[in-house]
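Data block below; observations after.
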Amino acid sequence: MNLTPNPARRSEKSQQAILAAALALCAERGYARVTIEAIAARAGVSKKTIYRWWPSKGALLLEALDHAVIRTRPFPDTGDLAADLHSQMTGVVRLLAHPPLGPAYAGILTEIQFDDELARTVQEQFIDPRVKGATGRLRSAQEQGVLPVDADLNLAVELLYGPLYYRHCLRRRPYDPEEITRLIAHVLKALGG
């Protein structure tokens, strides 16, 4: 099943109304209480229209989230690895901590536990590009001698970003900028950088 709808069949006005309604309802009610019926009513379209474009609430909200984030912002490479990581990680925390994007993403993270197709789509369209950017920035630091050549960059990305999602999903308390600075310092020290 392809979760990417055919954009040629969409009315731009209806699409934007549906995406905006989905995010607004998620912010108001929380992901679990949002229904396709409510999204359709708020957007002024039929449920059939929504299901023609998206196979599930999760797929619809993933696209809404993707549009709101405006794809992947390039990972900065200013020459200061810690500052670049801080900039990017602070952006992730801002995304996760504030409605409507935070509740939508938390709901999607829950739904992917039960929907393999949505899980693949989240991985391919949302996670992989961001991991690639972070790994690329760490590789650049490795090439500059800031990180050792034997540092496991994939593990480093998980060490840096895993705590952000842990806090978001399980503790519901975002990192503040000072905590992000300390987290980065600990991970870079562990990597030998």
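The values are calculated or read from the model by the stated rules, or taken from the named source; none is laboratory data. None of these values were measured; they are calculated from a predicted model. Note that we place each Cβ from the backbone using ideal geometry, even for glycine, and neighbour counts take in every protein chain shown.
Structure notes:
- Residue satisfying all of: in region 105-132; within 13 Å of L61 (Cβ to Cβ) and among the aromatic types (F, W, Y); surrounded by the most Cβ atoms within 10 Å (Cβ to Cβ) among these: Y105
- S140 meets all of the listed conditions (1) part of a helix (DSSP H, G or I); (2) of a type in the set (G, A, S); (3) buried (at least 17 other Cβ atoms within 10 Å of the Cβ) but one, namely (3).
- So Y51, is it surrounded by fewer than 16 Cβ atoms within 10 Å (Cβ to Cβ) and of a type outside the set (K, R): yes
- When residues of region 145-182 are limited to those that are among the aliphatic types (A, V, I, L, M) and touching a residue at least 40 places away in the same chain (Cβ under 8 Å), the one farthest from I108 (Cα to Cα): V146
Yes or no, residue by residue, for (1) of a type outside the set (G, A, S); (2) modelled with pLDDT of 90 or more:
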| residue | (1), (2) |
| --- | --- |
| G44 | no, yes |
| Y51 | yes, yes |
| W54 | yes, yes |
| G58 | no, yes |
| L61 | yes, yes |
| H67 | yes, no |
| T72 | yes, no |
| A83 | no, yes |
| T90 | yes, yes |
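- Selection status of V122, over 23 Å from D66 (Cα atoms) and among the aliphatic types (A, V, I, L, M): no
- For D150: the one exception among (1) part of a loop (DSSP other than H, G, I, E, B); (2) acidic (D, E); (3) surrounded by 15 or more Cβ atoms within 10 Å (Cβ to Cβ): (3)
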